1. Over the chain, with the other protein chains present, what is the accessible area per residue in square angstrom, probe 1.4 angstrom?
2. Using only the Cα atoms, what convex hull volume per residue in Å³ does region 188-321 have?
3. How much net charge surrounds Asn311 when only other residues with a Cβ under 11 Å from its Cβ are counted (Lys, Arg +1; Asp, Glu -1)?
4. Would you tally the net charge around Leu132, using a Cβ to Cβ cut-off of less than 11 Å, leaving Leu132 out, and scoring K and R as +1, D and E as -1?
5. How high is the relative contact order of the chain, in percent, counting Cα pairs under 8 Å that sit 6 or more residues apart?
6. When the helices in the chain are scored as -39500 (n - 2.57) per DSSP H run of 4 or longer and the sum is shared across all residues, what 222 nm value do you end up with, to the nearest 500 deg cm²/dmol?
7. Using a 1.4 Å probe, how large is the accessible area of Arg261, given in Å² and rounded to the nearest 10?
8. Amide H neighbours of Tyr144 under 5 Å, counting only residues 5+ apart in sequence or on other chains, H built in-plane at 1.01 Å?
Amino acid sequence: MENIMDYKGIEGKMVVSSRVRLARNLSKVPFPVKLDEERANDIIDKVFNSCREDESLNSLKDVRLIENKPQVIGCFFEKHLISKELIENFSKTAFLVNDDEDLSIMINDEDHIRIQSIVAGLDFKSTYDKCLQVDSALEEKLTYAFDENLGYLTANPRNVGTGIRGSVIIHLPAITEANQLSQVTKHLNDFGMIIKPVYMEDKKCMGNLYQISSEITIGMSEEDILIDLEEEVFKVMTKEFALRKVSLDKNRIAVLDKVYRSYALIRSAMIISLKEALDLISNVRLGVEMAIIKDVDVNVLDNLVMRIQPNNIKLLNDSKNFTDKQIDIERAKLIRDTLNENK
């Protein structure tokens, strides 16, 4: 699939990551919700063995959730490698992941198999290609539930057909501040897509990070679904860019003050909550994206967003008993050290 966008400059920096996910089920086997632990573990063994027997997949690390500590499982979730459903049914679930953690295979989620790839920036081509390679390799060893008229059969009827979902995590501070998220939501809904906050507290988005996802899985090819999604993401980026320009033109001093004040505070804070950290990182990221701040790599900020999550803080410090205050102190230290190291 060809990338339809030649995105450069500010537009290209707004997208944090792209993800493609393929949902598959084994033929003549009940969906995971109907499986007891014995049958669920049989499926885990089948998928694990299929990967071990394939040269292109045998380097993947296999992980049974039941064999891991809660904070380790929490880290996998905070890195977007696994879903809440996988955690909630930890005695019946597992996953495989590569060393770069940009490819994972979830087992006994809502479906028997969910293949996903996540990469930085707007890049559905490489994510789709990675998923497709895994899908083809597994299909040679496993028999998928497939109907010639409907396509791939899934536990949720909304995924029947291609079983594909594409999504991006995108930074939208100007759209949020201008209260235009409802307009963006309606437009995306009209094209069979949804937008939702990545991080929420008290029903409000933290860090101005949103996930835009495709919803259509039938009646179109996998490639066309991703092309349409990429087109709509580009429209959202164009709107965000226009609103940023208006804000900078009309309130330049206020924008610069917010960016520089946030940068100074986050580099010196001794204790910081997750919400405050995400919001300050958003302001600094805005400064980097608009070339106001030139000595910070946007990839460092994106990496920080995951590393400052509670379970990652606990694992980094080898402590499962940290209080909220201790987490906030260690979070501030991690941010200070990271930004000062990468100047």
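The values are calculated or read from the model by the stated rules, or taken from the named source; none is laboratory data. The model shown is predicted, which means the values in this text are computed figures rather than measured ones. Because the Cβ atoms are built from the backbone with ideal geometry, glycine has one as well, and the counts that use them run over all protein chains shown. In case anyone asks, the SASA skips ligands and DNA or RNA and just uses the protein heavy atoms, side chains included. Shrake-Rupley method; radii C 1.70, N 1.55, O 1.52, S 1.80 Å.
1. Result: 49 Å² per residue.
2. So the per-residue Cα hull volume is 165 Å³.
3. Net charge around Asn311: +4.
4. -3
5. Relative CO of the chain lands at 19 percent.
6. -14500 deg cm²/dmol
7. The value for Arg261 is about 150 Å².
8. Ser27
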